[in-house]
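I have placed the structure first, in the form of structure tokens, so that the comments after it can refer back to it.
Read-outs: derived from the displayed coordinates by stated rules, not from any lab. Note that the coordinates shown come from a computational prediction; the quantities given were computed from them, not determined experimentally. Cβ atoms come from the backbone with ideal geometry, glycine included; neighbour counts cover every protein chain shown.
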Amino acid sequence: MRKTTLFSFVLFLTFSFSQAQKPKVPASAEIFESIQKLNFLGSVLYIAAHPDDENTRLISYMSNHVKARTAYLSLTRGDGGQNLIGPEIRELLGVIRTQELLAARRVDGGEQLFSRANDFGYSKHPDETLDIWDENEVLSDVVLAIREFQPDIIINRFDHRTPGTTHGHHTSSAMLSFKAFDLANDTSAYPEQLRTTEAWQPKRLFFNTNWWFYGSQAEFNKADKSKMLSFDIGVYYPLKGLSNNEIASIASSQHLCQGFGRLHQRGTQKEYVEFLKGEPVSDKTNIFSGIDTSWSRIAGGKAIGNILYNVEKNFNFNNPSVHIPDLLKAYNLLQNVKNEHWKTQKTKELKAIIEMCAGLYLEASAETPASTPNTSVKINIEALNRSNQTIVLESITQADGKTIQKDVALQNNDSEKFETEYTISEDTNYTTPYWLKKKGSLGMYTVEDKSLIGKPETPRSAVINFNLKINNTPITFSKPVIYRYSKPDKGELYRPFEIIPEASAKITEKVIIFDNGNEHTISLIVKAGHDNLKGTAEICHPENWSVFPEKQEVNIANKGEEQILTFTIIPPKHQDEGYISPIIHIGDKTYTKELIEINYEHIPYQTVLLPSESKVVRLDIKKHGENIAYIAGAGDVVPESLEQIGYNVRIINPENITGETLKRFDAVVIGIRAYNTIDELKFKQQILFDFVKAGGNMIVQYNTNRGLKTDHLAPYNLALSRDRVTDENAKVEILHPEHPLLNTPNKITQKDFEGWTQERGLYFPNKWDQAFTPILSMHDKDEAAKEGSLLVAKYGKGYYIYTGLSFFREFPEGVSGAYRLFANMLSIGKDHLQPNQKLND
């Protein structure tokens, strides 16, 4: 997968840049802030539906100003959205958005949690959402999150009282949170969870309201605010050199695949939360009023607090290591505390602070970025103490059970380096997102290991434990094995160490369209996870399709190298579809998965194992015209899909659009959201309209109605709306069955709208000039008919077509009717052309 340079900005030392697992180098100010948070025993859980729903301003405020332990529970991973930075959609998009959320939390100081709910796409009502999600299972995940995190305060991003007024996922997240608030303390609710956690009653539930929920600022100003609390979330942090809003802007700008990069905001700004239920707030200036957030909250905590409050009060910014003896006293007392929740959480925080104060640098770097089960890999170990404290590295233990006795005194600033062999057992799990290991349903991920539910990512299996004695107190620091390397143009780089299969395979084309009965040659790429990979490869295929040859030899000398095998696919004579998949035989083992690599600079390197399969479609399709100019928008596979059915497609840079350039093409297709993302297009509209007037066809795919770069989307008046049809099986009424768009060269019928995925379409126009002809009518349940999904207008000698139909989703799924309809859109008015004849010949 391509590497994309997305953006660059300087994050202050306070923040850890998301270059994989690069060790943090904390400044004294960050250590001091960590001690402040250590001395606050209170927590906030913020709940919403998707990546980007979270209010980074409020999360940052609670974490950095209030000092509360703060987490964001996103019910989904955002699989159903669009991707503005690359081609990944669905599961792979969910992986990217998961990592973007983690990057945002590294900035704003929060933690990240998830449920098993799958973002299946836009939903208009929570009834639909909760039916597809499996309400009981997602509710159990919310209850589990509350029981494990034990928040004092829960804040909902959305209003549970307004179903049908916003995205169904949004309202559902609030409704589930409202129920879970009480159920978390009910031992009869999901009792199986209580084997590993305990019942918990949060103190208060709030709704994070603002003027938007009231329709306007004027209406909000008039609203009854007697149950509301407000915060100045523009507060400035001298220790960071940043305001809360600036931190929040940096955090939300991590959502790059959604185009959320934004300017920093500064200055006073109010944020409101509305009290919903729980213990009333006695002091509206303090959301934690009446809740003990001191060390006295837990039995045995007062003595610990006496030590740690003194450290905070007398913190030595010039030499934080002088506090290590007191920190160790608090650490030892903490181990006797009976409250397991706070003991676990504060031990984790205290260990991190001791590590920072000592300037400890503990690293385990593999000699290679990946390895396979049943192998050994050399690990380079580095241990460095940058303080005058007495620290001894007693031993190193590995996840494979191996222990290395060292008994090395770590002298101040004297780095100890050595090597060890790390054995990866045969039963070690591959590195891949745990929620994608088993096929889920439309609305739910399948997670067989219940201990993983809620976790943002799969825990690393390759871990090195550094067993130290600091001033005679034993403390173990666990570090995941990483891969550290350098590039001449980048310097030092880090990426996670991956466990991969010894063989993986992918067919280069995910959808293969046969627009006639001719055979088609495919490429199967086999990748070796270790040296000297030998075996055989074959293609599993539908019964009425044929593949030649049946098997081929796999022989790859070096790890990481690929072998390309060519197979011929022979389709049936008539329209049909199915799936083909590779099977790689290595010894007595078989491998059927594709190893997908996701590599963007703003998130850690990701490897994802998914079933390797491609859809094959024998399609009865005709077309007129051959040459298509494509202007890419927010990213889709429409150009490749059109090439599949025989079109010559050239992607044109908007800056290069001229009347002369366009003469060679029969049609111009505009990619999704191009008019939302490309400034240059507003200067090229007249050239495009002149192309249509001269006889070309122009097809514009969906754009959002906000943030358009031009007021003249079409040569006639056309107004976009938020109208959409989310039911992919919604009935489609053909309004003008005699129209050429539905008859030439392919006869479009109801059958062509079968098998659509995720939705019919989105952001349909709701007002248009009489020059346009609406072709189709459709609607979701209990809604009025919408006729703006496909509009066509004659303009001069050519045709302008605007469509909100989701071709960008249907093409990757091989939906035959979508291909046939798009071919008609390209072909309209071109029936006079012979095959391979250009428009201006």
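Just a few scattered comments:
- Using only side-chain charges placed at the Cβ, +1 for Lys and Arg and -1 for Asp and Glu, the dipole size of the range 42-279 relative to its Cα centre rounds to 900 debye.
- Among the listed pairs K417/K438; K179/K455; K67/K227, those whose Cα-Cα separation exceeds 31 Å are K417/K438.
- Inter-part distance where the range 149-210 and the range 415-446 are each reduced to a Cα centre, Å: 31
- Label point distance in nm, T368-A299, each placed 7 Å from Cα along Cα→Cβ: 5.3
- Neighbour net charge for T293 - beta-carbon separation under 15 angstrom, K R +1, D E -1: +2
- Between T268 and E561, the C-beta separation translates, for a Förster distance of 41 Å, into a calculated FRET efficiency of about 0.10.
- Annotation: aspartates and glutamates with alpha-carbon distance below 15 angstrom to K767 (same-chain offsets under eight excluded): D711, D723, E787.
- When only the Cβ of Lys, Arg, Asp and Glu is charged (+1, +1, -1, -1), the dipole of the chain relative to its Cα centre reaches about 1880 debye.
- Relative contact order, percent, the range 627-827 [alpha-carbon distance under 8 Å, six or more residues apart]: 23
- Label positions at N544 and N717, each projected 7 Å from the Cα along the C-beta direction, are separated by 5.1 nm.
- Remark: H530, H50 ranked as H530, H50, counting other beta-carbon atoms within 10 Å and listing the fewest first.
- Using alpha-carbon coordinates, inclination of helix 301-313 to the longest axis of the chain, degrees: 80
- For the chain, share of DSSP beta bridges that run antiparallel, in % to the nearest 5: 70
- Our helix-only sum for the chain, with -39,500 (n - 2.57) per DSSP H run of n ≥ 4 divided by its residues, gives a mean residue ellipticity at 222 nm of -6000 deg cm²/dmol.
- Value of relative contact order over the chain, rounded to a whole percent, pairs C-alpha under 8 Å and six or more apart: 10
- Were the residues from K378 through K663 laid out at 0.36 nm apart, the gain over their Cα-Cα distance would be 96.6 nm.
- Backbone N within the range 56-73 under 14 Å of label point (7 Å from N339 Cα along the Cβ vector): 69
- Taking GluC sites (Glu not before Pro) across the range 528-569, the ones in a DSSP loop with at most 16 further Cβ atoms lying within 10 angstrom of their Cβ are E543, E550, E561.
- Full extension of the chain between V408 and N314 gives 30.6 nm of extra length, using 0.36 nm per residue less the Cα-Cα distance.
- Net charge dipole size for the range 262-420 [Lys, Arg +1 and Asp, Glu -1 on Cβ; Debye, nearest 20]: 540
- Pairwise centroid distance, computed over Cα atoms, of the range 521-556 with the range 703-735, Å: 44
- Ascending count of other beta-carbon atoms within 10 Å, so fewest first, for S777, S478, S253: S478, S777, S253
- Pairs from the table (K203/K225; K378/K510; K313/K351; K527/K623) lying more than 31 angstrom apart at Cα are K378/K510; K527/K623.
- Structural size metrics of the chain, computed from C-alpha coordinates, are Rg and Dmax of 29.6, 90 Å.
- Shape class for the range 503-618: oblate, because the ratio a/c of the largest to smallest gyration tensor axis (alpha-carbon atoms, square roots of eigenvalues) is 1.5 or more and b/c is at least a/b.
- Loop sites in the range 408-489: trypsin sites (Lys or Arg not before Pro), DSSP, at most 15 other Cβ within 10 Å: K439
- Placing R0 at 45 angstrom, the Cβ-Cβ distance between D127 and T347 gives a FRET efficiency of 0.50 after rounding to 0.05.
- The label-point distance for K487 and N429, in a model that sets each label 7 Å from Cα toward Cβ, rounds to 3.0 nm.
- Partners for K406 among aspartates and glutamates (Cα-Cα distance below 13 Å; same-chain residues under 8 apart left out): E382, E394, E416, E419
- Loop sites in the range 754-784: trypsin sites (Lys or Arg not before Pro), DSSP, at most 12 other Cβ within 10 Å: K781
- Karplus-based coupling profile of the range 243-253, in residue order and whole Hz: 8, 4, 5, 5, 4, 4, 5, 5, 5, 5, 6, with θ = phi - 60° in 6.51 cos²θ - 1.76 cosθ + 1.60 and x standing for Gly or Pro.
- Among beta bridges from DSSP that stay inside the range 627-827, the antiparallel ones total about 55%.
- Extension gain, W211-A771: 0.36 nm per intervening residue step, less the Cα-Cα distance, totals 197.7 nm.
- Label-zone membership for the range 379-406, site E421, 7 angstrom Cα→C-beta point, backbone N under 19 Å: 379-381, 396-406
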